[in-house]
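Let me begin by presenting the structure, written as structure tokens, before commenting on it.
Values quoted throughout were computed directly from the atomic coordinates according to the rules given, and no laboratory measurement underlies them. Treat the numbers as computed from the prediction; the structure is a model and nothing was measured. As a convention, Cβ positions derive from the backbone with ideal geometry for all residues, glycine included, and neighbour counts pool all protein chains shown.
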Amino acid sequence: MTTSAIMHANQAAEWRPPTIFGTRRRRAIVWIGFALYIVWSVTSLDVDAQRILAGIPRAFDILARMFPPNFERWEILLSGMIESIQIAIAASIAGLVLSIPIGICAARNLAPKPIYLAARGLIVAGRTFHEVIIAIFFVKLFGFGPVAGLLTLAFASAIFLGKMLAEDIENMKEGPVEAVRAVGASFGQVIYYAVLPQVIVKSLGVFIYRLDANLRHSTVIGIVGAGGIGQTLSASFSRYDFDFSSAILITIALMVAVGEWFSDWVRRRLR
Amino acid sequence: MGYAAAPLSDSTGAVKASVPLLEIQGLSKVYNTGRKALDNVSLVIDRPQVVAMIGSSGAGKSTCIRCINRLVEPTSGRILLNGQDVVALDRRELRLARRRIGMIFQEYNLVERLSVMQNVLSGRLGYVGLLSSLRYRFPPEDIRAAFELLDRVGLAGYHDRRADALSGGQRQRVGIARALMQRPDLLLLDEPTASLDPKTSRQIMLLVGELVAERKTPAIINIHDVALAKAHADRIVALKDGVLVFDDIPENLTDSALAAIYGDEDWAAPHSMSEAGA
Amino acid sequence: MSGKQYPSVWQRYSAGERLVQWLWIAGAALAAAWSVSALEIEWAFFADAHEQAADLIERMWPPRWTYFPVIVRPLIETIHIATLGTMISLVFAVPIAFLAARNTTYNQITWLMGRALLVLSRSVNTVIWGLVFVAIFGPGPVAGICAVAARSVGFIAKLIAEAIEEVDHGQVEAIEATGASTLQTYSTAILPQVLPVLIGTTIYRWDINVRESSVLGFVGAGGIGLYLYASINQFAWPQVLVILLAIFVIVIFSEALSGYVRSRIT
């Protein structure tokens, strides 16, 4: 073979497909890292192989007991579901109202710096904690029941909607705002004539999304006693009423699916 | 400067007011970075006229215009609008003063989701209380004026169209109507034709000239197209590196003056294309 | 000035449009009123709410740092639960995604199956899955890992399925034309195209899972949640503050890491 042919053959032998990790060495490091991590985490966890193995047949047992779902106590189911829906609606509206000052204060282009930093700090703190944690606090303060749930989700919604509003305001066109300021309009008029029209469509869509999300979350916070169908579910599990549990789970799934469908429908109509 | 020697009454017979409409005294603007955008600019406008402000990019034209209604805060100097110093006003008084200054922008700056009528009416926001403006309750004479203005700028029947459904030239006309709704004492135009094609640019400049004469309102136009400036302005001022270097009638804007303003030796090139081509 | 007459009245919306708007507003107001009225809110509570909040904060300070060593292991366990759960979910999510994508699924039935699995996984919250798996496997991190995995499968698979459906068809056709088998086509033509979405979604979900894992302990599924719940029930507020601060740190850390990786991918 000629020299060039030998070179080509060697190149061919050495070719490997490029990888997303940059270099092959980096990819090897990543995979080895994952493998090591799995080993470390599994060994450091308190994992009892016996219990896992014992769990498999138990899983089938529980699954069997879950079917057929038992809708006998459908009144409790219905009232729990209605309570969850009420919490979701009320909390979304309260959250929307509270989110407006939060959003305006957290917008770099509308708020003076110290207010902006304070509002952003509030948003970061509020987002870090799972709503269940917030729910426990409100339960401790206001007792068991839907009031705690309402406050929890209102707070979480205000933080979420406020953050989205602030981002929309920061992304909006500055020109029209400047123009309305230049005619001598007051702050409120500037917001209503120049800011609001730019953010309202997206904000409405985000609100509907949050309404749907609150429906899902209201089922969870019931587990710590903040009302709604979650409380019913938690009770059924602790009493081993698995056929009732499955009835509740199906109800929740249906409720969530309807909520999602409604949310998609409204948001499509908004375009 | 050639303009200071101009007669007391202009060609329409209007007599110079005792207090000049606009008087800029020693206006300076220094940014936090230390960049000096305006250096001791002084200017007097005492009659309804179209004043074109020219100069290369960064010469301070836009800054100067925006200092007049304090969209940019001046570092020092006085800006007297009908004798009242705009720079010294507090926030509330500034809002009242801004009502008397109409501004027209390069990017039109209409609220795109709102209709033409809503945009035009927003020119009266300084005169209408918050609650009434939220409910769009404007006085009937304002509504009438809005329809009349739309007709005047050539957009009769467009009042319910959404602003983002209009062409560039149409949007600028809406911007002009909005500014005129304020019944201002002064018009500021910041590169009003930079985003428009040549034909539309000429139409807009013609319209502005007509409106200035009709309403006896002076206008300062920040413009980079020298030919347009010469064709439509009563007076040309030029800034170079923040300093006012020219203030005279357009006829006196010679090529050598332009070379001094823009600092470009080839300024005469468009006139002597035949030479270049030879 | 021409003798033209201009209208002095202008309406923003037509009568029909205004009616529709009022209907929507009335509907929303009714819904709000119905929700709030049925909840039996004791408005007296809110009068001294701020006092109660200030009192609570006072009791939390200063944080009981001596408690920190107790929660180090549970904190690490929380991260393990999130990470292992996400990894396991990824393994299942890829095939389910192919099932749930219109262009890669076998037939209408398999597509419906894929979609059903997605809906099932996504409509049950991680914590509720936790309840289910604690009933199956007993309390402990295993239940937590399964719960995280069960919820994440649907989340990740849905986004991958959407990416699969948006794949550049030309590339797929080219590989098919060479005579490759379905599996080969998937791995050579489709997988590389959806890889950025896959990695981005996985790490995004991992970030969310760290947050979710922090509360799984409430239902007995391991992690720091148990200690938090216990401390709150014992009114040990300075301990609670330490735990909250620790959770804050790991959530911020995971968010930062997730943001960094996702920015490097796109």
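The table below lists the values:
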item: Label zone at A:A64 (point 7 Å along Cα-to-Cβ), backbone N below 15 Å, segment A:224-258; result: A:242-243
item: Nearby lysines by direct alpha-carbon distance to B:K61 (threshold 20 angstrom, same-chain neighbours under 8 apart not counted); result: B:K29, B:K36, B:K230, B:K240
item: Calculated FRET efficiency for the pair B:S28/B:E251, C-beta based, R₀ 35 Å, to 0.05; result: 0.70
item: Residues A:L196 and A:S44, FRET efficiency given R0 of 60 Å [Cβ-Cβ distance, rounded to 0.05]; result: 0.65
item: 26 Å Cα-Cα reach of C:K158 towards lysines, excluding residues that sit fewer than 8 places from it in its own chain; result: A:K163, A:K202
item: Among A:V220, A:V147, A:V177, residue whose mean-square fluctuation peaks in a GNM of chain A (springs only between Cα atoms under 10 Å); result: A:V177
item: Counted charge near C:L118, where neighbours are those whose Cβ lies closer than 11 Å (Asp, Glu -1; Lys, Arg +1); result: +2
item: Most mobile listed residue (B:E23, B:E141, B:E112) in chain B, GNM with C-alpha springs under 10 Å; result: B:E141
item: Most fluctuating residue given options A:T232, A:T251, A:T128, as computed from a GNM of chain A linking Cα atoms under 10 Å; result: A:T128
item: 10 Å Cβ neighbours from other chains, averaged over peptide B:173-179; result: 1
item: Within-10-Å neighbourhood charge of B:V51 [Cβ basis; K, R +1; D, E -1]; result: -1
item: Ordering of C:156-167, B:248-259 by burial proxy (mean other Cβ atoms within 10 Å per residue, highest first); result: C:156-167, B:248-259
item: Kyte-Doolittle at least 0.5, axis length at least 15 Å by Cα - qualifying DSSP helices, chain A; result: A:24-44, A:49-66, A:74-105, A:113-128, A:131-142, A:146-171, A:196-221, A:242-270
item: Radius, Kirkwood style, for segment C:111-266 when every pair of distinct Cα atoms is counted (Å); result: 17.8
item: Segment A:134-236 shape via C-alpha gyration tensor axes, a/c threshold 1.5; result: prolate
item: Net charge contributed by nearby residues that have their C-beta within less than 14 Å of A:A125 (K/R +1, D/E -1); result: +2
item: Cα-based reach from C:K4 at 27 Å (exclusive), listing lysines while leaving out same-chain residues under 8 positions away; result: B:K216
item: Förster-model FRET efficiency, 56 Å R0, B:E93 and C:W22, C-beta, rounded to 0.05; result: 0.90
item: Cα principal axis extents for the protein assembly as shown, largest first, Å; result: 106, 95, 57
item: Rg/Rg_ref, segment C:190-266, where Rg_ref = 2.2 N^0.38 Å and atoms are Cα; result: 1.41
item: Shielding of B:106-115 by partner chains, average beta-carbon count, 10 Å; result: 6
item: For a label point 7 Å along the Cα-to-beta-carbon line of A:E72, residues of segment A:206-241 with backbone N under 20 Å; result: A:232-241
item: Principal-axis tilt of helix B:198-215 within chain B, Cα atoms, nearest 10 degrees; result: 70
item: Nitroxide proxy distance, nm - points 7 Å out along Cα→Cβ at C:L112 and A:A118; result: 5.8
item: Which of C:E255, A:E75 has the fewest Cβ neighbours within 10 Å, and the rest in rising order; result: A:E75, C:E255
item: Peptide-level mean, for B:131-142, of C-beta atoms on other protein chains within 10 Å; result: 2
item: Helix B:168-181 vs. chain B, principal-axis angle (Cα, 0 to 90°, nearest 10); result: 70
